[in-house]
Amino acid sequence: MSTYGRVSRTTVEDSLDDPMIEEFWDLYEIAFGPLRTRAAARHVLYKDEFWEEMTDSRILKYVAWSADGEPLGLTTLTNTLEAVPWISPEYFTSRYPDHAARDALYYLGFTLVTQSARHTDAFRMMAQAMMDRLVAEQAVAFCDICSFNVSRGHARAINSIMQSHGAVEVGRLDQQNYYSATFAGAG
């Protein structure tokens with residue numbers, strides 16, 4: 001991926017080509033791989049799952065591009081909740097039946113930005129394009145964030161971005177807790 005270059009545009013893609021998927025897979029591994037040992041729930045796709053998601057037309061791919069045509073960032077979003085195997089579509093449709101009837105329930109999968117584009121407008125431009133869709137549809141969007149990333153301020157950052165796009169109410173829907181019991185033996 002390009003090491004230089006300003007962000008020139010954002011596109012919404014149904015599917016990515018193999019070379020781009022491979023590039024984003026490498027970035028995905030760098031960004032999310034450490035969660036394998038920091039989150040109890042599996043927050044990291046296996047390579048075949050990632051590839052499948054990148055070619056699944058039900059999942060929109062917001063791509064930020066440099067002026068020289070290099071992909072700099074990727075955000076996934078879908079209103080086909082069944083395309084996300086680790087969530088319960090029934091949970092969301094029961095809470096937001098009017099939105100569900102309009103296909104206006106969205107799951108935000110993940111966002112990646114190349115190291116070289118971290119201090120550019122890549123993230124903001126992808127977020128803006130996604131928010132434009134959500135605002136236009138008066139949608140409900142949700143995502144999941146593990147406690148490790150919450151402690152690093154990710155939830156606060158997402159809340160700030162959402163709040164900057166007008167009238168929006170952000171709140172926690174559910175929480176999963178994991179417990180352990182360590183047995184020392186009979187005695």
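The values are calculated or read from the model by the stated rules, or taken from the named source; none is laboratory data. Because the structure is predicted, anything quoted here is derived from the model rather than measured. Cβ atoms come from the backbone with ideal geometry, glycine included; neighbour counts cover every protein chain shown.
Kindly indicate which of Arg95, Arg42 is in contact (Cβ under 8 Å) with a residue 40 or more places away in the chain and over 15 Å from the mean Cα position of the chain (by Cα). It would help to see each step written out before you state the result.
Working: Arg42 fails: over 15 Å from the mean Cα position of the chain (by Cα).
Residue meeting the stated conditions: Arg95.
I need the full set of residues from the stretch 98-141 which are small (Gly, Ala, Ser), over 17 Å from the mean Cα position of the chain (by Cα) and under 30 Å from Ala67 (Cα atoms), in order please.
Passing the criteria: Ser116, Ala117, Ala136.
So which residues in the stretch 56-76 are assigned to a loop (DSSP other than H, G, I, E, B) and modelled with pLDDT of 95 or more, if there are any at all? Explain how you work it out, then say what you get.
We begin by selecting, within the stretch 56-76, every residue assigned to a loop (DSSP other than H, G, I, E, B); these are 56-59, 67-70.
Result: Asp56, Ser57, Arg58, Ile59.
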